[in-house]
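Colleague: My structure is below; once you've seen it, I'll send some questions.
The values are calculated or read from the model by the stated rules, or taken from the named source; none is laboratory data. What you are looking at is a predicted structure, and each value in this text was computed from that prediction instead of being measured. Cβ coordinates were reconstructed from backbone atoms using ideal geometry, including for glycine residues, and neighbour counts include every protein chain displayed. Surface accessibility is based on the protein's heavy atoms, side chains included, excluding ligands, DNA and RNA. Shrake-Rupley method; radii C 1.70, N 1.55, O 1.52, S 1.80 Å.
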Amino acid sequence: MMFKKNLLLIVFSISFLFSEYTLAQQATLYGTVKSKQEIAIDGLSVEYKKIGTISDSDGQYLIKLPANIEVSIVFSHLAFQNQVHKMTLNEGEIRNLDLLFDEDVKQISEVDLVDDALRSQNVTTIDKKNLNVITGPTGGVEALISTLAGVSSKNEMSSQYSVRGGNYDENLVYVNGFEIYRPFLVRSGQQEGLSFINSDMVDNISFSAGGFEARYGDKLSSVLDIKYKDPKSWKSHLTLSFLGVNATVEGISPSKRWSHVTSYRQKDNQFLLSTLDTESDYMPRFKDFQTLNTYHFNPQVKLSVLAHYSSNTYHSVPESRQSEFGTVDKPLQLNIYFDGQEKDAYETGMGAIRFDYQIHDSLQMSLSTSLFQTLEKEFYDVEAEYWLGQLENSLGSDNFGEVVANRGVGGYLRHARNELYAQVYNAQYRGKWFNNNKTLSWGAKYQHEMIDDRLNEWQLIDSSGFSMPQGVDSLLGLFEFIESENELNSSRLSSYVQQSGRIEVDSTTFSYTLGFRTQYWSKNREFFVSPRAVISYKPNWNKDVLFRGAIGSYNQSPFYRELRDKEGVLYTDLKSQKSTHFVFSSDYNFLSWNRPFKFVGEIYYKSLRNLIPYEIDNLRLRYLPSLTSHGYTAGLDLRVNGEFVPGVESWASMSLMKSEEDIEGDGHGYIPRPTDQRFAFSLFFQDYFPGNPSYKMNLKLHYSSGLPSGAINSERHEQVFRIPAYRRVDIGFTKVIKESSQGSKSKYFKHFDSLWISAEVFNLLGIRNTISYLWVSDVVQNQYAVPNYLTSRLLNLKLQAKF
């Protein structure tokens, strides 16, 4: 072990001395390359004779050149028009050259937001400009992601999403290379608060719905990779709406060495929650603060510091609820009167440091460390009494629509004092080596987790005067009682190696990414290897078509949620859930109406093994670690995007999918998984008034078939009846008072870089979507599923200003 440490130290020392020596003999050219849309270009070649390098995922490059002679540097990329720059550098000079590139319409259209490298890697990128126009209660990155093929989101109050039959815990999220964690105790969308990802700080958005590379972590479903801005000038951004405020400042020092982007957000869902069925005194208060600071010591070395703090509190004093449900032949009405309150608090913080060092033209290395911690409290005492009545359904009756028969009365009492504290620390090393058309990447990560969980909750149900269930000797029994204290300390070691490359054969391009991951978890002593491969083929056709194939092993080692059952008992000997992805896809860039479009089709199959079954109640995942299952997910995703209206991007997505599992030993065979969504269609559409583009419109439409559900505490194989389909349309209208590229004659607007005012209509069609069910009983103990509806139609006003 000591030998390995000494060897690593020697390698770093020699590399550092070598880089200092060559710097003295030569000159250095560095900078950032972006498209005209301000999107960083990854994989752009920078060459002078036999000397060369390529830009990284942030668009940054560095190359050492001969001094005191004129050199011609060639900047080239398949997706962009080449540039040649001539210059003479002095010995030891360090010069900055930032460039913007026009896209090559012969190779790739404006709508194809990914460059050729990402296109071959089974990754979708989204233009960050769409973040300013997307309409919805949550908005932001997740709202855009939910419109992509294979992605499902059935709760407009939440930023959580499922991908290709997976659940919320199966998605990887990275910000600047740091993994982001979701809350542990959140049960519903109204409790969730703000997403970690701050849209005002975002620079690049990359997403993969499956078949992703080995450099990404060990989750079963998807990866969302976010990169925050590295500002080049001072700017401010302010957003005000009925739902809250966002204030962001970004800037750079006069020396160009230090830059920062800092943001404060505050959100108040009280306006939105007022449309729910339950009349309550809602007091949600969500706020967070984020800052990213970057310091460039020199063109080769930079230090980044990311800090985040959020405080999400939810206080509710419910009063009453009235819900109508049932059928035309048997309409029912439920009236509930409440007493008590709920107080929830979720306080999280994260600090992360990353050190990047470009040792020479072809070698980059980075060291990073982060600490995440959360303190979550869930306290409530709520008593309820309900009356279940049958409504008059005869159109000719004077009592039409009124309660004419009492079907049952009852009540319940719910109590909880749940607290969870979690801390996750990790340290990671990454390296990347470039050689002509090949890139070798590697990395290693150590992670330590400490979780302290205290559960104390119970529920008493009184149905028609009888407690359910009855206690021993006719004493009162609780329907549900959970009390546990759990502590979990464990460590994980993971690593990856992968190589990407491109091969040209007879004007035909083959691209590949081959690699594998390893992981070891100290708690269950499991070690696994996950090989992955992505291969693309671009034939020499007149039409711009690319074919991709991906196969890989994706093993998700249990985290805390998967280990804990309904009673609070931990199963620490569980092994990783396993999924093998088989993905075949094709995309086609084309022109229609002399405007750019892109069509993508993917067919996939996932073989699932050693699964931990679970149930979904709103946003709460209730795992069943005492059971094991195997299953599969198969589906087809289609997406077309382009300029349906000149100059603005829109897209439509459609998905067909089937996901089933067989719980071992239950004798019931294959049953639908809780996320078995058979059909989904999403649309994101933008338009403007002809001749006056300052008046804009955007529309977001979702339709997805219902998910399986079942009665409370029913067996897993009984949870097969389906919630109604999710249908929702959000629309926004915007007036651009001032655009950044235009001046203003008004003295009131001269200090604004841009100024937008928007009117948004949430749930335009007023459809009441069902998220879950409240189960009640009548006098003869028949159970009824009363829908818990989501939000109804609502008008929101929003002001966006940039300075």
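Colleague: Collect the residues in the range 23-64 that are within 21 Å of Arg502 (Cα to Cα), in contact (Cβ under 8 Å) with a residue 24 or more places away in the chain, of a type in the set (Gly, Ala, Ser) and crowded, with 20+ Cβ neighbours inside 10 Å, keeping them in residue-number order.
Modeller: Ala40, Gly43, Gly59 - these are the residues of the range 23-64 that are within 21 Å of Arg502 (Cα to Cα), in contact (Cβ under 8 Å) with a residue 24 or more places away in the chain, of a type in the set (Gly, Ala, Ser) and crowded, with 20+ Cβ neighbours inside 10 Å.
Colleague: Can you find, within the range 215-249, the residue that is least open to solvent (accessible area, probe 1.4 Å) among those that are free of Cβ contacts under 8 Å to residues at least 40 places away in the same chain and not β-branched (Val, Ile, Thr)?
Modeller: In the first step, residues of the range 215-249 are kept if they are free of Cβ contacts under 8 Å to residues at least 40 places away in the same chain; the result is 231, 233-234, 245, 247, 249.
Filter once more, so that each one left must be not β-branched (Val, Ile, Thr): 231, 233-234, 247.
Details: Pro231: 7, Ser233: 50, Trp234: 143, Ala247: 41 Å².
Filtering first and then ranking leaves Pro231.
Colleague: Quick one: is Glu402 modelled with pLDDT of 95 or more and acidic (Asp, Glu)? Step through it out loud before you land on a result.
Modeller: On the way: modelled with pLDDT of 95 or more: no; acidic (Asp, Glu): yes.
No, not satisfied.
Colleague: Given the residues Ser236, Ser263, which is the only one that is over 24 Å from the mean Cα position of the chain (by Cα) and assigned to a strand (DSSP E or B)? It would help to see each step written out before you state the result.
Modeller: Working: Ser263 fails: over 24 Å from the mean Cα position of the chain (by Cα).
Exactly one residue qualifies, and that residue is Ser236.
Colleague: Just to verify a result, which residue in the range 253-287, among those that are farther than 22 Å from Ser159 by Cβ and touching a Phe, Trp or Tyr at 6+ places or on another chain (Cβ under 7 Å), is modelled with the highest pLDDT?
Modeller: Trp258
Colleague: Okay, moving on. Consider only pairs whose beta carbons are under 9 Å apart and that are at least six residues apart or on different chains; among these, list those whose first residue lies in the range 753-774 and is under 13 Å from Thr275 (Cα atoms) and open to solvent by less than 10 Å² (accessible area, probe 1.4 Å) and whose second residue is outside any strand (DSSP E or B) and acidic (Asp, Glu).
Modeller: From residues that are under 13 Å from Thr275 (Cα atoms) and open to solvent by less than 10 Å² (accessible area, probe 1.4 Å), the pairs are Phe762/Glu156; Asn763/Glu156; Asn769/Glu156.
Colleague: Now a separate question. Return the only residue of Tyr337, Tyr346, Tyr309 being of a type in the set (Phe, Trp, Tyr), over 23 Å from the mean Cα position of the chain (by Cα) and either within 26 Å of Asp203 (Cβ to Cβ) or not in a loop (DSSP other than H, G, I, E, B) (or both). So that I can check it myself, show each step before the final result.
Modeller: Values: Tyr346 fails: over 23 Å from the mean Cα position of the chain (by Cα); Tyr309 fails: over 23 Å from the mean Cα position of the chain (by Cα).
Testing whether each residue is of a type in the set (Phe, Trp, Tyr), over 23 Å from the mean Cα position of the chain (by Cα) and either within 26 Å of Asp203 (Cβ to Cβ) or not in a loop (DSSP other than H, G, I, E, B) (or both) leaves just Tyr337.
Colleague: Something else now. How many residues does the range 684-715 contain that are in contact (Cβ under 8 Å) with a residue 24 or more places away in the chain and farther than 30 Å from Tyr670 by Cβ?
Modeller: Residues flagged as in contact (Cβ under 8 Å) with a residue 24 or more places away in the chain and farther than 30 Å from Tyr670 by Cβ within the range 684-715 amount to 14.
Colleague: Every residue in the range 281-296 that is surrounded by fewer than 18 Cβ atoms within 10 Å (Cβ to Cβ) and either charged (D, E, K, R) or not assigned by the TED database to the domain that holds Ala307 (or both), please.
Modeller: Listed by number, the residues that qualify are Asp281, Arg285.
Colleague: For Ser500, work out the one condition from (1) within 21 Å of Glu179 (Cα to Cα); (2) in contact with a Ser or Thr (Cβ under 6 Å, 6 or more places away or on another chain); (3) of a type outside the set (A, V, I, L, M, F, W, C) it doesn't fulfil.
Modeller: Unmet for Ser500, out of (1) within 21 Å of Glu179 (Cα to Cα); (2) in contact with a Ser or Thr (Cβ under 6 Å, 6 or more places away or on another chain); (3) of a type outside the set (A, V, I, L, M, F, W, C): (1).
Colleague: Between Gln373, Gln364, which is surrounded by fewer than 18 Cβ atoms within 10 Å (Cβ to Cβ), in a strand (DSSP E or B) and assigned by the TED database to the domain that holds Ala416?
Modeller: Working: Gln364 fails: surrounded by fewer than 18 Cβ atoms within 10 Å (Cβ to Cβ).
Result: Gln373 is the single residue among Gln373, Gln364 that is surrounded by fewer than 18 Cβ atoms within 10 Å (Cβ to Cβ), in a strand (DSSP E or B) and assigned by the TED database to the domain that holds Ala416.
Colleague: Can you tell me which residue is nearest to Leu220 (Cα to Cα) among those in the range 490-510 that are in a strand (DSSP E or B) and over 27 Å from the mean Cα position of the chain (by Cα)?
Modeller: Restricting attention to the range 490-510, the residues satisfying the condition of being in a strand (DSSP E or B) are 490-505, 508-510.
Then keep just the ones that are over 27 Å from the mean Cα position of the chain (by Cα); that gives 501-505, 508-510.
On the way: Gly501: 25, Arg502: 28, Ile503: 30, Glu504: 33, Val505: 35, Thr508: 33, Thr509: 30, Phe510: 27 Å.
So the residue we want is Gly501.
Colleague: Given the criterion at pLDDT below 80, acidic (Asp, Glu), out of contact with any Cys (no Cβ under 6 Å at 6 or more places or on another chain) and buried (at least 20 other Cβ atoms within 10 Å of the Cβ), identify the matching residue among Asp116, Asp104.
Modeller: Going through Asp116, Asp104 in turn, just one is at pLDDT below 80, acidic (Asp, Glu), out of contact with any Cys (no Cβ under 6 Å at 6 or more places or on another chain) and buried (at least 20 other Cβ atoms within 10 Å of the Cβ): Asp116.
Colleague: Restricting to the range 285-299, what's the tally of residues that are within 21 Å of His360 (Cα to Cα) and in contact with a Leu (Cβ under 6 Å, 6 or more places away or on another chain)? Working first, answer last.
Modeller: Just the residues of the range 285-299 that are within 21 Å of His360 (Cα to Cα), to begin with: 294-299.
After this cut, where a residue has to be in contact with a Leu (Cβ under 6 Å, 6 or more places away or on another chain) as well, the list is 295, 299.
Final tally of qualifying residues: 2.
Colleague: Restricting the search to the range 140-159, which residues are among the small types (Gly, Ala, Ser), in a loop (DSSP other than H, G, I, E, B) and within 12 Å of the chain's Cα centre (by Cα)?
Modeller: Within the range 140-159, the first condition is being among the small types (Gly, Ala, Ser), and the residues that meet it are 140, 143, 146, 149-150, 152-153, 158-159.
Then keep just the ones that are in a loop (DSSP other than H, G, I, E, B); that gives 146, 149-150, 153, 158-159.
Matches in the range 140-159: Ser146, Ser153, Ser158, Ser159.
Colleague: Residue under question is Tyr632, and the condition is that it be farther than 30 Å from Phe590 by Cα, buried (at least 21 other Cβ atoms within 10 Å of the Cβ) and modelled with pLDDT of 90 or more; does it hold? Break it down stepwise before answering.
Modeller: Numbers: farther than 30 Å from Phe590 by Cα: yes; buried (at least 21 other Cβ atoms within 10 Å of the Cβ): no; modelled with pLDDT of 90 or more: yes.
Considered against the rule, which asks whether it is farther than 30 Å from Phe590 by Cα, buried (at least 21 other Cβ atoms within 10 Å of the Cβ) and modelled with pLDDT of 90 or more, Tyr632 comes out as no.
Colleague: Another question about this same structure. Quick check on this structure: which one of Ile737, Ile723 is in contact (Cβ under 8 Å) with a residue 12 or more places away in the chain and over 30 Å from Pro674 (Cα atoms)? I'd like the intermediate steps shown before the answer.
Modeller: Numbers: Ile723 fails: over 30 Å from Pro674 (Cα atoms).
Result: Ile737 is the single residue among Ile737, Ile723 that is in contact (Cβ under 8 Å) with a residue 12 or more places away in the chain and over 30 Å from Pro674 (Cα atoms).
Colleague: Across the range 542-561, what is the number of residues that are under 18 Å from Val600 (Cα atoms) and buried (at least 22 other Cβ atoms within 10 Å of the Cβ)?
Modeller: Counting residues in the range 542-561 that are under 18 Å from Val600 (Cα atoms) and buried (at least 22 other Cβ atoms within 10 Å of the Cβ) gives 2.
Colleague: Still on this structure, I have one more. Looking at (1) within 22 Å of Pro708 (Cα to Cα); (2) touching a residue at least 60 places away in the same chain (Cβ under 8 Å), find the lone condition where Pro596 falls short.
Modeller: Unmet condition: (1).
Colleague: Keeping to the range 302-314, report how many residues are in contact with a Ser or Thr (Cβ under 7 Å, 6 or more places away or on another chain) and either under 30 Å from Asn269 (Cα atoms) or without any contact (Cβ under 8 Å) to a residue 40 or more places away in the chain (or both).
Modeller: 2
The rows are residues; the columns are (1) polar (S, T, N, Q); (2) surrounded by fewer than 20 Cβ atoms within 10 Å (Cβ to Cβ).
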residue	(1), (2)
Lys575	no, yes
Tyr588	no, yes
Asn594	yes, yes
Phe599	no, yes
Tyr605	no, yes
Asn610	yes, yes
Pro613	no, no
Ile616	no, no
Tyr623	no, no
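Colleague: Next question, about the same structure. Would you please list the contacts, defined by Cβ atoms under 8 Å and residues six or more apart or on different chains, that run from a residue in the range 392-420 that is free of Cβ contacts under 8 Å to residues at least 12 places away in the same chain to a residue that is assigned to a loop (DSSP other than H, G, I, E, B) and of a type in the set (Ser, Thr, Tyr)?
Modeller: Note: pairs meeting the criteria are Phe400/Ser394.
Colleague: Are any residues in the range 508-541 surrounded by 20 or more Cβ atoms within 10 Å (Cβ to Cβ) and among the β-branched types (Val, Ile, Thr), and if so, which ones?
Modeller: Thr513, Val534
Colleague: If a residue has to be assigned to a strand (DSSP E or B), touching a residue at least 60 places away in the same chain (Cβ under 8 Å) and not aromatic (Phe, Trp, Tyr) to count, how many in the range 286-301 make the cut? Can you show your working first?
Modeller: Taking the range 286-301 and keeping what is assigned to a strand (DSSP E or B), we get 286-298, 301.
Filter once more, so that each one left must be touching a residue at least 60 places away in the same chain (Cβ under 8 Å): 286-288, 290, 292, 294, 298.
Then drop every residue that is not not aromatic (Phe, Trp, Tyr), which leaves 287-288, 290, 292, 294, 298.
Total meeting the criteria: 6.
Colleague: Would you check which residues across the range 382-400 are part of a loop (DSSP other than H, G, I, E, B) and surrounded by 15 or more Cβ atoms within 10 Å (Cβ to Cβ) and list them?
Modeller: Taking the range 382-400 as the starting set, the residues that turn out to be part of a loop (DSSP other than H, G, I, E, B) are 392-400.
Selection gives Glu392, Asn393.
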